[in-house]
1. Could you say which residue among Val261, Val279 is out of contact with any Pro (no Cβ under 9 Å at 6 or more places or on another chain), farther than 28 Å from Ile319 by Cα and open to solvent by less than 20 Å² (accessible area, probe 1.4 Å)?
2. Yes or no: Phe64 over 17 Å from Ile293 (Cα atoms), at pLDDT 95 or above, crowded, with 20+ Cβ neighbours inside 10 Å and in contact with a strand residue (DSSP E or B) (Cβ under 8 Å, 6 or more places away or on another chain)?
3. Would you point out the residue of the stretch 283-334, among those that are among the aliphatic types (A, V, I, L, M) and in a loop (DSSP other than H, G, I, E, B), that is least open to solvent (accessible area, probe 1.4 Å)?
4. Just to check your reading of the model, which residue among Thr224, Thr230 is modelled with pLDDT of 95 or more and touching a strand residue (DSSP E or B) at 6+ places or on another chain (Cβ under 9 Å)?
5. Restricting attention to the stretch 225-258, report how many residues are more than 16 Å from the chain's Cα centre (by Cα) and open to solvent by 10 Å² or more (accessible area, probe 1.4 Å).
6. Here are some residues: Trp42, Trp48, Trp19. Which one is under 23 Å from Lys324 (Cα atoms) and modelled with pLDDT under 95?
7. Condition test on Ser119, is it assigned to a strand (DSSP E or B) and in contact with a helix residue (DSSP H, G or I) (Cβ under 8 Å, 6 or more places away or on another chain)?
8. For residues that are free of Cβ contacts under 8 Å to residues at least 24 places away in the same chain and in contact with a helix residue (DSSP H, G or I) (Cβ under 7 Å, 6 or more places away or on another chain), scanning just the stretch 137-165, find the one that is nearest to Pro267 (Cα to Cα).
Amino acid sequence: MQKPIDFTVCWVDGSDPAWQAQKTQYDKKGAGDTRISRYRDWDNLQYWFRGVEKFAPWVNKIHFVTWGHLPKWLNVNHPKLNIVRHEDYLLPQYLPTFSSSPLELNLHRIKGLAERFVSFNDDMYIIKPVSRELFFQNDLPTDFCIVTAISSPVKGDMMPFIKFNSMAVLNANFDKKKQVHEHFWKWMSPKYGLNALRNWIFSGEHHFRGFSNNHLPYSFLKSTYEDIWTKEFDVLNESSCHKFRSRSDVDQWLIRYWQLVKGDFEPIGRHAKGRVFEVYGGIKDNEGLFAAIENQTMPMLCINDNDNIDFEPVKERLITAFAKILPEKSSFEL
């Protein structure tokens, strides 16, 4: 009998006046992310649900994580849908939060979450049929383990600091050379192509320097979360207490790296699941994105919003692309 696989997806409606008021209440010094692109609604979440229903009908449960607001069209009584408000799973001392780190670091606390689950952001879409094996093989998450150096931070970018913090946690718990020896073929998998050679070159190091990432859905074991929370409670608890993203944080990347280091994954190619598209400029600047959706050239993609784009025309063109492959309402819609 196949073991259940759940999906989690975190969503925020940045146009909600009540949410905006609470965010302003806690952000009197302007410490939070003020970018327009950070919270605005592209009005295309229904295509996330349509993609799941049409292309991943095998999913056991969808845990929809929300501050409290819900799309007007959402069928909240759907048997596969679990509405999860922040207060339903976050510890009281973590509330309220306007950072994704506490939300993702505590997913294991969601009541009824399966041991095997896939973590989505609301800008990640399934656009063609996907099998269970794309996410889990031999009951383990699929992933790629490719070493790299952490890039130098640019002004306003906290992610290099957050990744560095993750490396510090790993190096406090594991010896890299030992872990490579124990899980040799997961580090040197031919599925990584020439990147396996990079892993080989740096295989004698005792410290972790960084891992390559894709901003796409990742597969997790709930027990991995429980393991790292047991061993590094203080670090994860501190990050979870932050109302806004901080350079002293760790985030969900650490959970992923922990799985990689322990060998709790099955190797796949880095781009087996899809790719990230950065949205810039106007319609003509994003034709590659629209073509990828309409031609279904990959299993999944992430649409990374940015400031200073011709928002309304690009949004409408994007909806047109999604509507071409997912024209019918899903049972998650009223």
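The values are calculated or read from the model by the stated rules, or taken from the named source; none is laboratory data. This one's a predicted model, so the numbers in the text were calculated from it and none came from an experiment. Cβ placement follows ideal geometry from the backbone for every residue including glycine, while neighbour counts extend to all protein chains displayed. Quick note on the areas: whole protein, heavy atoms, side chains included, nothing else; ligands and nucleic acids left out. Shrake-Rupley method; radii C 1.70, N 1.55, O 1.52, S 1.80 Å.
1. Numbers: Val279 fails: farther than 28 Å from Ile319 by Cα.
Step by step, each of Val261, Val279 is checked, and only Val261 is out of contact with any Pro (no Cβ under 9 Å at 6 or more places or on another chain), farther than 28 Å from Ile319 by Cα and open to solvent by less than 20 Å² (accessible area, probe 1.4 Å).
2. Numbers: over 17 Å from Ile293 (Cα atoms): yes; at pLDDT 95 or above: yes; crowded, with 20+ Cβ neighbours inside 10 Å: yes; in contact with a strand residue (DSSP E or B) (Cβ under 8 Å, 6 or more places away or on another chain): yes.
Yes: the conditions hold for Phe64.
3. The first filter runs over the stretch 283-334 and keeps only residues among the aliphatic types (A, V, I, L, M), leaving 283, 289, 291-293, 298, 300-301, 303, 309, 314, 318-319, 321, 323, 325-326, 334.
Then keep just the ones that are in a loop (DSSP other than H, G, I, E, B); that gives 283, 298, 326, 334.
On the way: Ile283: 63, Met298: 28, Leu326: 6, Leu334: 120 Å².
Once the filter is applied, the top-ranked residue is Leu326.
4. On the way: Thr230 fails: touching a strand residue (DSSP E or B) at 6+ places or on another chain (Cβ under 9 Å).
Exactly one of Thr224, Thr230 is modelled with pLDDT of 95 or more and touching a strand residue (DSSP E or B) at 6+ places or on another chain (Cβ under 9 Å), namely Thr224.
5. Summing the residues that are more than 16 Å from the chain's Cα centre (by Cα) and open to solvent by 10 Å² or more (accessible area, probe 1.4 Å) in the stretch 225-258 gives 18.
6. Numbers: Trp48 fails: modelled with pLDDT under 95; Trp19 fails: under 23 Å from Lys324 (Cα atoms).
Exactly one residue qualifies, and that residue is Trp42.
7. Numbers: assigned to a strand (DSSP E or B): yes; in contact with a helix residue (DSSP H, G or I) (Cβ under 8 Å, 6 or more places away or on another chain): yes.
Considered against the rule, which asks whether it is assigned to a strand (DSSP E or B) and in contact with a helix residue (DSSP H, G or I) (Cβ under 8 Å, 6 or more places away or on another chain), Ser119 comes out as yes.
8. Only one residue fits best here, namely Ser151.
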